[in-house]
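Student: One structure is given below, represented as structure tokens, and several questions about it will come after.
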Amino acid sequence: MDWLKKIGADLDDKSPVHGDLDTVIGLVEKHKNFEEELNSRTEQYESLTKTAEELLESADREDKVKIQSQLTELTTAWENIWTLSQNKTKRLEGALSQAEELHKSVNMLLEWLSDAEMKLRFSGPLPEDEDEVQKQIDEHEKFMEELKEKERDKDFTLNLAQEILYKCHPYAVNIIKHWITIIQQRWDEISTWALQR
């Protein structure tokens, strides 16, 4: 019962499980270790309930009431822990899915922003030749269209990060905040640079 009470506190349905990919993977591993321990205690639990049932058959009335009360308390606590564990597994699966999606979105967006910076950096000085100027204007208009399309990806990524931050595990708060800041700063730099161009 002491063990069940102790672990019940760690399985709280309200405890946050969301965050960046590394944090969530760590939480999933920790929960898997817990599930293994819970499974290893199943034999002990079954042995206890069997012993209690055997004692109930031969106990006097007063003892039967005590044994039945203890057995009910144990069974309720055991079933509650299993329910909490299964709920946490589902919550962690959802958190892992979101963390993977955010990880992928952040990396794709930062990669695109790096490429965009290279395009802007190496677009060269303004040429003297009118045809060359027109060619650069056309290329830059294409780039501005691409920037406009990518803004949807940026908004999606930032919204997902904010959603995760709202229900984030304390370990991951700074990482998610850092990603939000980096993406916004890089986006603002590239947008300003592109408009100046």
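The values are calculated or read from the model by the stated rules, or taken from the named source; none is laboratory data. Since this is a predicted model, take the numbers as computed values, not measurements. Methodologically, a virtual Cβ is constructed for each residue, glycine included, from the backbone with ideal geometry; neighbour enumeration extends over all protein chains shown. For accessibility, only protein heavy atoms count, side chains too; no ligands or nucleic acids. Shrake-Rupley method; radii C 1.70, N 1.55, O 1.52, S 1.80 Å.
Student: Please compute the per residue accessible area over the chain with all protein chains in place, 1.4 Å probe, rounded to a whole number of Å².
Tutor: For the chain, the per-residue accessible area is 67 Å².
Student: With bins 5 Å wide starting at 0, give me the P(r) of the range 76-197 over every alpha carbon pair, in whole percents.
Tutor: The distribution over the range 76-197 is 2, 9, 16, 16, 12, 10, 9, 7, 6, 4, 3, 2, 1, 1, 1, 0, 0, given as percents.
Student: Carbon and sulfur together cover what percent of the accessible area of the range 86-141 at a 1.4 Å probe radius?
Tutor: Answer for the range 86-141: carbon and sulfur cover 52 percent of the accessible area.
Student: In nm, give the distance between the simple-model label positions of Glu117 and Glu62, each being 7 Å from the Cα along the Cα-to-Cβ direction.
Tutor: Using points 7 Å along Cα→Cβ, the separation is 8.1 nm.
Student: With a 1.4 Å probe and all protein chains in place, put Ile67, Ile25 in order of accessible area, largest first.
Tutor: Ile25, Ile67
Student: Please report the relative contact order for the chain, taking Cα pairs under 8 Å with a sequence separation of at least 6, and give it as a percent rounded to a whole number.
Tutor: It comes to 38 percent, rounded to a whole number.
Student: For His18, list long-range residues whose amide hydrogen, built 1.01 Å from N in the peptide plane, is under 5 Å from its own amide hydrogen.
Tutor: Hits under the 5 Å cutoff: His169.
Student: If you scale each eigenvalue of the Cα gyration tensor by 5 and take the root, what three semi-axes come out for the range 89-145, rounded to whole angstrom and sorted largest first?
Tutor: Here the semi-axes work out to 42, 10, 4 Å.
Student: So what is Rg over Rh here for the range 1-99, counting just Cα atoms and using Kirkwood for Rh?
Tutor: Result: Rg/Rh = 1.14.
Student: Here is a follow-up. Under a point-charge model restricted to the Cβ atoms of Lys and Arg (+1) and Asp and Glu (-1), what is the dipole moment magnitude of the range 63-174 relative to its Cα centre, in debye to the nearest 20?
Tutor: Once rounded to the nearest 20, the dipole reads 1460 debye.
Student: Here's something else I'd like to know. Trp3: accessible area at probe 1.4 Å, nearest 10 Å²?
Tutor: Taking all protein chains as shown, Trp3 has close to 40 Å².
Student: Give the angle, between 0 and 90 degrees and rounded to the nearest 10, that separates the Cα long axis of helix 130-166 from the longest principal axis of the Cα atoms of the chain.
Tutor: Taking Cα atoms only, the helix is inclined about 20 degrees.
Student: Show me the trypsin sites (Lys or Arg not before Pro) within the range 1-100 that DSSP assigns to loop and that have at most 13 other Cβ atoms within 10 Å of their Cβ.
Tutor: Of the trypsin sites (Lys or Arg not before Pro), the ones in loops of the range 1-100 whose Cβ has at most 13 other Cβ atoms within 10 Å are Lys14.
Student: Follow-up question, since we're still on this one. How large a share of the accessible area of the range 142-197, in percent, is made up of carbon and sulfur atoms when the probe is 1.4 Å and the other protein chains stay in place?
Tutor: Result for the range 142-197: 51 percent of the exposed heavy-atom area is carbon or sulfur.
Student: What is the distance in Å between the Cα centres of the range 32-50 and the range 61-129?
Tutor: About 26 Å separates the Cα centre of the range 32-50 from the one of the range 61-129.
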